[in-house]
Structures are given as C-alpha cells and as structure tokens.
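Remarks on the structure that follows.
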Amino acid sequence: MQLKLHFFPAAFPDETLHSVISRYARLCGVRNCQAAFAGLKSAAAFSQNVAFPSHLGDFVDALPSGTELSVAEVLMRHTLLPYYAPFLRVSQVEHARTLMTADGKGLMLKLGVNASRIGFASRVRLCPECIAQDQAQRGVAYWHRVHMLPGVLVCPHHGTSLRIVDPRWSSRSSRQLNLPSDENVQAHTVLLDTPLRCMPPLHEIALRSLQVLESEVTALSAEAVRFTLLHRATQLNLASDNHRLHLHMLAQHMADFFAALPREWEFSILGDVRAGTPASWVTKLLRTPITSHHPLKYILLAGALGVEMVSLLHGQCPVKQAVACDPKAHIRLHARLSPVMPGEGLDCSSAAVWEHALEGADAKKIAAVLGVSSAYVYRHIRNVPGGQDAWREARFHIELCARRAAFEADYRLYKAHACRGYAWLYRHDRQWLSESTANPSPHRTPRLNSAEMFAALDARLAGEVRQCADTLYALAGKPVRISRTR
C-alpha cells in the first residue's frame, strides 16, 4: 500500500527540502526519516541535507491532496539546482530534473560536481541572525538554501559571518532530521573567523550568489557569457581588441582580487596564481568554452572584472522572430498549426502529451517528464487530427531559435562561415541569414588590409635586420663560431 501523509507543513521562502521534512518530523514527534516516512524506502534519499536530493517523485506522491508542492516547485524553490542551472547545458538541466525525480543515479557525475574540488571544500552553514529572525517571525528556525551555496561565508541578508557545522558530526548524523536551532546542531558549530577587511567582498559574493539562485534562468549561452566577460576584460586592458588575453596583467588583477579574500575553504582552491599566470579556470572561462564550469567561478570572475550579475544572467541577445524561407517556406513561425487545443475533446493524459508536443519537446523528453513510453507519446499525437504536422512545426521552431541564438553568439567573434549553424541556416532560413550578415558584426574588430599590413611589416623588419647587423659589426674582436654541440 502506498504511503500517504495526512498533513504536511507549508514551505518557507528559500527553505531547503531537508528543512521542510525536518519540521514535518518534529510535528510528528520523531527525529529520523525512517520514523517519519515509515514504509517508504526512498525517504533517506530525499530527506538528506544535500544539494541534489533524489526520488522527489516518491516524495510528492506521498503528500496529502491539496498540498501546493509539486516536483517542479521543489526543484525550483527548495533545492540548489537553480544555482547550477544557468551555467549548464539544456541537456544537463533536463537530465538533472529527470534523475532528481527518479533515483538520481549518476547525477553528480553527469553534472561534473564530483570532478570539482569546490564541493569538497563546501560545508553546511547557518546564520545566527537568520535563526533569531525566523523564530520571531515564523515561530521556528529553518535551513536557508543561500547559506549552503559554495563560497557564501557571509549572510547576504545581514552581512554577518556564518557558523559552520562540523563536517564529521554532520556526516555521522546525515540520517537525522535536524533544524539549525537544535541544541545538538549548535553544539557542533564554529563561528567562521573572518577578518574585517574580507567582509565587504565576501558580502558582495554572497549577494551575487543569491542573485544566481533566485534568477530562475537555465542554460545560458556559454558563448554569450564568455563575450560579456571578455568584453569587460578588454575594457580593463586585460585583453587586446582582438580578444587575446594579457596573461601577466590578468594574473596580477586576479591576485589583487583574491588578496582581499580569505585563503581558506573554497577560495584556497580558486585563488591559486603561479609565476605570473592566472589560474587555469580563469583562462578557460575567457576562452572558447568546452565544458561546464562551477557557478562560483563565474561569480568570482564577474566580481573581479566588475560585471553585474544582472547583465550576465539576463543580458542574452534575443533571437529575432521571422518567417523561415526556402526550402521550408511552408512553415510559419508566427502561427502554429493547432487543430485541437489541449482540453478540447482530449482526456487529461492526451492533453498533457499534446501540451508538451506544442512546446517543441521530443518524444523522449515528453516520455521522461510524464513517466510514459515513447510509443505512448507517438500514439497520442497521431490520434490528434493534424497533430503530427503541428508537432513537426513546433520542433522545427525550437531548433530554429537555438540555431539562430548560437549563430548570433558566434557572429560576434567569427566570420559567418565559421559560426555554428551556418550551413543549417543557409538551407532552412536563408532570408534571415542574409539579413543578419548584411553588415559586419559591430562586435568584431575589422581586419586590416593584408597587403598594406605586410608591406609595413617588411619595411620594419628590414630596418631591424640592418640595425642588428650594424651592432654585430661594431663589436670588438673577431667573430666566434658557435656549433650546435656547445
């Protein structure tokens, strides 16, 4: 028999899922998940105080009817996935949502969290000021997501140092459902010894981290983010006009930035500068992105360069809406084929499939979200008159927007033929491509006339050769022959 809870408390703003479950267990008079969710084997997976809880589908199914919490609400409001989502690929975000709803197997590996040393330096933290404020306003203290974010050593709301929970005690008590005001938690916390000079920059990092967490942005264009950072680096003379990095100056700039931060926790890993060369993660973010990177790296680099998080998160170039031309001129982007809208003659299951189909989702994604098979999805779409054509149009529209966005991001830096999606757009959206490339990109430095450039270079190098020869002739004594063996 499936477990069904009789009641469940309302979640507070920025509260972790572990905290909500801990408050529920406290109301039931128990302290561990086995007692609070007796008979539900997956309770240990979704009740732990971790960034990516799993088996959320089982948790939501156990909630009483009328509860406002859904899987999507839990993912967006009560886990740390929104903090990572802006800097992941679309496929990674969708994969994370699917795995967190299910068993979560391999999720940390897929997101690259295991490969990052930042996660191992992060600890469970709490704010004494927030505890007192929550108890006064809501009657109970709870765990805040923002205090769990890597690099957050200062409360963004109060500007005070956080207390850190002993990681050894925390790992031993991972199955216990605790709240930050509990005596056993307070007995195993230590106040972070943060120098006063470090408080302002740490508070700025905490505010930036909170902005990322609450932005509700997913899968930013890596090229667009890179261009925003690189453009600012060029303004600070840390890169040339053609976007070549001045490594020595960049290393000094980053060293000055990290000098104001403590040399502990996450900053001991990211603040490494060697022999006038910036840390490898800095150059990777400013060069062509290959893999995903931890959000804290983007936050720190944006802070060092003076880039506002609003421009980084919401400054993406919108894709122009237009009508596709040859050989897909029959597909109209401004008016979708919708012979039957969801709810008009369709049952609930068919309406759910049809709604996702009109959003351009493929069969595998629809099947994963709804928990059905791909054959089930295809069958329900075929049963709708004109459904296959409308679905094909919606998927083409999604792909077209993605191709245009990728091309526009690349066209800032490269010639049209070298941009992603050029060949596809030439075949399917030639009119838009012609309009977009009619004028050279204003963001790309125009190339000099090669004939004039080499003529000037030849004259300069010839003069340097003559000057070098005159210097050698002016030396005293006879020439000395140097062989390769010396």
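The values are calculated or read from the model by the stated rules, or taken from the named source; none is laboratory data. Keep in mind the model is a prediction, meaning the values are calculated, not measured. Reconstructed Cβ throughout: ideal geometry from the backbone, glycine too, with neighbour counts over all protein chains shown.
Just to be sure, is HIS428 out of contact with any strand residue (DSSP E or B) (no Cβ under 8 Å at 6 or more places or on another chain), farther than 15 Å from GLU359 by Cβ and crowded, with 16+ Cβ neighbours inside 10 Å?
When the stated conditions are applied, HIS428 passes them.
Could we say that THR189 is in contact (Cβ under 8 Å) with a residue 12 or more places away in the chain and in contact with a Lys or Arg (Cβ under 8 Å, 6 or more places away or on another chain) here?
yes
Going residue by residue through segment 69-89, is there one that turns out to be over 21 Å from LEU177 (Cα atoms), in contact (Cβ under 8 Å) with a residue 24 or more places away in the chain and either not in a helix (DSSP H, G or I) or not assigned by TED's automatic domain parsing to the domain that holds VAL146 (or both)?
Within segment 69-89, one or more residues are over 21 Å from LEU177 (Cα atoms), in contact (Cβ under 8 Å) with a residue 24 or more places away in the chain and either not in a helix (DSSP H, G or I) or not assigned by TED's automatic domain parsing to the domain that holds VAL146 (or both).
Is it true that some residue in segment 284-298 is hydrophobic (A, V, I, L, M, F, W, C) and loosely packed, with under 15 Cβ neighbours inside 10 Å?
yes
Taking segment 408-421 only, how many residues are crowded, with 20+ Cβ neighbours inside 10 Å and assigned to a helix (DSSP H, G or I)?
Looking only at that region, the number is 4.
Checking the conditions here, which among ALA224, ALA259, ALA233 is at pLDDT 85 or above and closer than 30 Å to HIS158 by Cα?
Result: ALA259 is the single residue among ALA224, ALA259, ALA233 that is at pLDDT 85 or above and closer than 30 Å to HIS158 by Cα.
What is the number of the single condition among (1) out of contact with any Asp or Glu (no Cβ under 9 Å at 6 or more places or on another chain); (2) modelled with pLDDT under 80 that PHE396 does not meet?
(2)
Of the residues ASP193, ASP166, which single one is out of contact with any Leu (no Cβ under 6 Å at 6 or more places or on another chain), buried (at least 16 other Cβ atoms within 10 Å of the Cβ), more than 30 Å from ALA402 (Cα to Cα) and modelled with pLDDT under 90?
So the residue among ASP193, ASP166 that is out of contact with any Leu (no Cβ under 6 Å at 6 or more places or on another chain), buried (at least 16 other Cβ atoms within 10 Å of the Cβ), more than 30 Å from ALA402 (Cα to Cα) and modelled with pLDDT under 90 is ASP166.
Going through segment 163-192 one residue at a time, which ones are in a loop (DSSP other than H, G, I, E, B) and under 27 Å from ALA45 (Cβ atoms)?
Residues satisfying the conditions are ASP166, SER173, SER174, ARG175, LEU177, ASN178, LEU179, PRO180, SER181, ASP182, HIS188.
Conditions (1) on the phi > 0 side of the Ramachandran plot; (2) assigned to a helix (DSSP H, G or I), marked per residue:
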site	(1), (2)
ALA10	no, no
GLY39	yes, no
ALA45	no, yes
VAL50	no, no
SER54	no, no
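Can you find a residue in segment 374-395 that is outside the structural domain of ASP103 (by TED's automatic domain parsing) and on the phi > 0 side of the Ramachandran plot?
yes
Checking the condition surrounded by fewer than 17 Cβ atoms within 10 Å (Cβ to Cβ) and within 30 Å of GLN211 (Cβ to Cβ), which residue from ALA38, ALA72, ALA51 passes?
When all the criteria are applied, what remains is ALA72.
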